[in-house]
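Have a look at the structure below before the remarks.
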Amino acid sequence: MAGGVVEKPAGAYGGSTKNYLNETRGIKNWLITLDHKRIALMYLVAVTSALLLGGFFAIALRTVLWDGAVRDPQDLFLGLRIEQMYNRYFTLHGAVMVFLFIIPGIPASLGNFVLPMQLGAKDLALPRLNLMSLYLYWIGAIFFVGVLALGGLDTGWTLYPPYSLGRDTSIPLILALSAVFILGFSSILTGLNFIVTMHRLRPPGMGMYDMPLFLWALYATSLIQVLATPVIGLTLGLSLIEHVFHIGIFLPEYGGDPVLYQHFFWFYSHPAVYIMILPAMGVQSELIATFSRKHVFGYKAIGWSSIAIAVIGFIVWGHHMFVAGQSPAAGLIFSFLTFFVAIPSAIKVFNWVATMYKGSIELKTPMLYGLAFMYLFGIGGLTGLFLASIANNVHLHDTYFVIAHFHMVMVGSTLNAFFGGVHYWWPKMTGRMYNETLAKIACLLVFVGFNLAFMPQFVAGTRGMPRRYANYSDEFTIFHQWSTVGAYILGAGVLLQVIYLTHSWFKGARAPKNPWGAASLEWQSDSPPDFHNFTKPVVVMAAYDYENWEYDANTGGYELRKEVVETGRSIATVHN
Amino acid sequence: MHFDTLHNQFQAGKLGMWLFLGQEVLFFAALFTAYAVYRGNHTEMFHYGQFFLNWQMGAANTIVLLFSSMTAAWSVRCAQLEQRKGLLLTIAVTWLCAATFMIIKYFEYTHKIHVGSVWGASFNIHDFSELPEKLQKLLTEQGITTTEAANAKLGKDGLGLGTFFAVYFCMTGLHGIHVLVGMGLYAWLFVRALKGSFNRKYYGAVDNIALYWHIVDLIWIFLFPLLYLIG
Amino acid sequence: MSDGHAHSHDDHGHGEALPGTIGHVTPASTLIGVFLTLVVLTVITVAAAQVDVGRLNVVGALAIATVKGSIVALWFMHLRYDKRFNFFIMFGSVLFLLWMVGYILFDTKMYQHDMENYRHNKTVDGKPKPE
Ligand code: HEM
Ligand SMILES: [Cu+2]
């Protein structure tokens, strides 16, 4: 039977059939809800839709690239030359994926759901703010739909002037700039809320070193969200004014300095890549520990390395500008500083591997994503180091090598962790198990497809294939075609996920309280949780105190040991 | 309410506010950087630009904001001591100071637009005789006496004062928007205070809005000398 | 994250506070004193700016502004009596601001001559730049 769980009447699992999903009904009750679980679920639907939209553009891009060597440049598609079409695709692909999917992705959906529960709390500290940030997200998303409807944008997601701003007033551009501004504030409010919650709603008896590492990661992410995002907000606000009124701050023809724009942009956008990866690393810590059934190795090292990444992330932005007019002196310092970022990242990877060592590893779907993460993040991180050395960068900048690098970290790592996290918390969020076999097949498709899509790009990049071109010389055909095949396989994997997850939502077997034997507090709630999160008093314990749980063949999941429930105390012997 | 104590709730709101203020600092950071970059590389642009700014008005606004900052802090005190009248009075005075600030700002802005000393591409002096007197003198010493010649000297092919005014309008404009938001917040606070919503254990809104108002003041403390005084 | 769970009422009111007041009550005399200090500092700023001492003008103005800002933060904003963490938020964001301003200023100064060169002679590193 799917998930190895026997179908039982609903009441057997949660004690009560009432839960946050059916507490109240009707669209209106969802739209004005302050419940973090509902907001998280709406976020999940929204960011997944963004993922599918961005994915659609990705497939379109790869399709155009199939025969880029032999195409007649005069070919028209929907009334535009193929190249013009292509420029719009990659801009929207990048912008939608970055601003609508990957930045809000894990924190706003998974984080929103589990953060309060991992603290044994009822909700985030500031629930109204949470709803407001969801609305801001929606407004931003609608603006992007507007950009699409009005014919798109061809500036690249980085929106560099003078090309982007120094043109006739363009409504899609104005919409896009405003959208990112608004989405930025959505992100700031989420981060702010998370920090306040972790400070003020930790239950008595839970110190900072008792929190799950996912929360450390979210904390570090939130710090970046609060402190870096305003910079992009202001930058794009200024860009908007520059574009409409030509005020002469970024546009050279009016006395402005376009390199200044790049400084501002990357002052945010480099830290933003850590907004993308840190939550993924947090998910990863949970997955590896849970499915190795072993106390996480190097708790403090993993926790503090998140904070270190957040801080160091602020001092390396210039590595995106080595050949963009930045002075050699600044480039040298930035190159040097960039190498430091790799240290805390590597610390994490070593500790995950050490956690698995001698663990009793269970290869459930989330764990498979976890393993893929480690391998792909290794490659992504190391190629980042190649790019960080200036001499290499002069050759590799703006080639497919860079594309492959950042897809290794953004897709190979973050998207992987997102999938892993969704599969891990799915039983908790929906109360249903998914089909494990199909899930494993999907995971395999994603993994194979991804590698096929991006490994050839490293080679193409080192041989000089530049990014953002629809046409190329014949020597690159083979790499592009492999890559396109890979993209299709990856796409098939994602579609398969959507199908079986949707199916499980309605028809899946009932999930037990704690199907994986995880020890963080959210697993003490029913699946799906009650509207107030917990129906019984929570036994506060440190994350990874796995000894408190034992397998119960009746429910097909894990239950707290009797002595733990009776004394209300952890009996674990190893602590963080 | 899901906090176990009012004290905890108060501290949560306050922490949220401080994080928001940290965000504000970085929100302005890009503008301070733009200022530093253009001033650092084009001192003469700022030297000439400053002739257009009226430091008396800037100083008056500084005092107005400082005073309102005091009344804002006082409103917190009144809330804590449950002095209802005092609370209403301090809130009202803070609001009035904010309005005064904006009125003075309005006169500064309209004058600049009238003269034509504005941002980037739109910078275009309408009439030589409308230039600030000191500047007229300086230009005359350099043999510049006509409107065209002045524009050639100050405009985008010369000193590029358009960029100076871009920086000026963006910085003071963004600050001005913050003042307007502050006025909205104090108006709302006044209504709530009138209804008697606050007491010594529940006055988070008064405290947090005051914090916001202080940061608006704090930013102006830097803007004033940077823009009006050091040429 | 060091403040732990806040059950401790660590910030009691001043002597004049009503029982059970949350937070620190600033005495009226302090408020007025702080305001007057700020006014005096403003006057000093304006006066100092009238004397031309070159670059020192900037340094002086920024120094006084920093003192004024700190006074506002410490007394009006209660940072003196507040949780240490709130102070760190402010301090940290100001550090990031300084790093941003400082580094970008440094970089633009370094590449300024390239721009000037290009503007006036249309050359980069002594070579004509292809259009
Ligand atoms: C191990 C640490 C990392 C290092 C040393 C590193 C280094 C670099 C360097 C030097 C570049 C500039 C390449 C160029 O344009 O010439 C770059 C580009 C990029 N990196 Fe990384 N990186 C690291 C991790 C990450 C992570 C974790 C992410 C995202 C989750 C990421 C996302 C990106 C993106 C999106 C770009 C290109 C942006 C664009 O130009 O459109 N990087 N990286
Ligand atoms: Cu980077």
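The values are calculated or read from the model by the stated rules, or taken from the named source; none is laboratory data. Note that the structure is a prediction, hence the values are computed from the model and not measured. We place every Cβ from the backbone using ideal geometry, glycine too, and count neighbours over all the protein chains shown. Keep in mind that these areas ignore ligands, DNA and RNA; they rest on the heavy atoms of the full protein, side chains included. Shrake-Rupley method; radii C 1.70, N 1.55, O 1.52, S 1.80 Å.
Remark: accessible area buried at the C-A interface is about 2300 Å², both chains counted, probe radius 1.4 Å.
Once you reduce the range A:479-551 and the range A:135-200 to the center of their Cα atoms, the two points are 30 Å from each other. The count of lysine pairs in chain B whose Cα atoms are under 21 Å apart, excluding pairs fewer than 8 places apart on the same chain, comes to 9.
If the cut-off is a Cα-Cα distance under 17 Å, which lysines reach residue A:348, setting aside same-chain residues fewer than 8 apart in sequence? Partners found: A:294, A:300.
In percent, what relative contact order does the range A:134-213 have, based on Cα pairs under 8 Å that are 6 or more apart in sequence? This gives 40 percent for the range A:134-213. Heavy atoms only, probe 1.4 Å: what % of the accessible area of the range B:104-169 goes to carbon and sulfur, would you let me know? With neighbouring chains kept in place, the figure for the range B:104-169 is 56 percent.
Across all C-alpha atoms in the range B:8-229, the radius of gyration and Dmax reach 20.9, 69 Å. Scaling against 2.2 N^0.38 Å puts the C-alpha radius of gyration of the protein assembly as shown at 0.99. Considering the dipole of the range B:1-100 built from charges on the beta carbon (Lys and Arg +1, Asp and Glu -1) around the Cα centre, which of B:49, B:3, B:78 is farthest to its positive end? Result: B:78, furthest along the dipole toward the positive end. So, with a 1.4 angstrom probe, what is the percent of accessible area on the range A:34-511 that is carbon and sulfur? So the carbon and sulfur contribution to the accessible surface is 73 percent.
For residue A:322, the shell of other residues with beta-carbons less than 14 Å away shows a net charge of -2, using +1 for Lys and Arg and -1 for Asp and Glu. Estimated from helices alone, the mean residue ellipticity of the protein assembly as shown at 222 nm is -22000 deg cm²/dmol (sum of -39500 (n - 2.57) over DSSP H runs with n ≥ 4, per residue).
Given a 1.4 Å probe, show me the residues in the range A:192-206 buried by at least 10 Å² of accessible surface when comparing the whole protein assembly to the chain alone. Listed by number, the residues meeting the 10 Å² cut-off are A:192, A:195, A:196, A:199, A:200, A:201, A:202, A:204.
For the range A:256-286, heavy-atom accessible area (probe 1.4 Å) falls by no less than 10 Å² from the chain alone to the full protein assembly at A:256, A:257, A:259, A:260, A:263, A:264, A:267. Taken across both chains, chains B and C shield about 5000 Å² of accessible surface from a 1.4 Å probe. Take the accessible area of chain B alone and of chain A alone, subtract that of the pair, and you get about 2600 Å² summed over both chains, using a 1.4 Å probe. Comparing A:47, A:171, A:113 along the charge dipole axis of chain A, the residue lying farthest to the positive side is A:113, per the Cβ-charge model. Shown for the range B:170-231: the carbon plus sulfur share of the solvent-accessible area, taken with all protein chains present and a 1.4 angstrom probe, equals 68%. The range C:59-83 and the range A:291-339 have Cα centres separated by 32 Å. Its Cα centre serving as origin, the range A:141-254 has a Cβ charge dipole (Lys and Arg +1, Asp and Glu -1) of approximately 400 debye. Computed from the alpha carbon positions, the gyration tensor of the range A:46-148 leads to an equivalent ellipsoid with semi-axes of 39, 14, 7 Å, biggest first.
For the range C:60-123, the Cβ-based charge dipole about the Cα centre amounts to some 200 debye (Lys, Arg positive; Asp, Glu negative; other atoms uncharged).
At each listed q (0.14, 0.21 Å⁻¹), what is the log10 of I(q)/I(0) that the Debye formula gives for the range C:25-82 modelled as equal alpha-carbon point scatterers? So the normalised log intensities work out to -0.44, -0.78. Relative to the longest principal axis of the Cα atoms of chain A, helix A:477-507 runs at roughly 30 degrees. Dipole magnitude for chain A: computed about the Cα centre from +1 point charges on Lys and Arg Cβ and -1 point charges on Asp and Glu Cβ, it is near 1080 debye. Compared with its chain on its own, the range B:130-178 contains the following residues whose accessible area drops by 40 Å² or more in the full protein assembly (probe 1.4 Å; ligands, DNA and RNA excluded): B:156, B:163, B:170.
Amide H contacts under 5 Å for residue A:432: A:511, restricted to partners 5 or more places along the chain or on a different chain, H placed in the peptide plane at 1.01 Å from N. Solvent-accessible surface of the protein assembly as shown, averaged per residue with a 1.4 angstrom probe and all protein chains in place: 37 square angstrom.
For the range B:44-52, 3J(HN,Hα) computed residue by residue from phi via the Karplus equation (6.51, -1.76, 1.60; θ = phi - 60°) reads 5, 4, 6, 4, 6, x, 5, 4, 7 Hz, glycine and proline entered as x. Taking Lys and Arg as +1 and Asp and Glu as -1, the other residues whose beta-carbon sits under 12 Å from that of residue A:355 total +3. Answer with one residue from B:23, B:197, B:102: the one whose Cα lies farthest towards the positive end of the charge dipole of chain B, charges on Cβ with Lys, Arg +1 and Asp, Glu -1. Highest projection toward the positive end goes to B:197.
Each other residue within a Cβ distance under 12 Å of residue A:570 adds +1 if Lys or Arg and -1 if Asp or Glu, for a net charge of -2.
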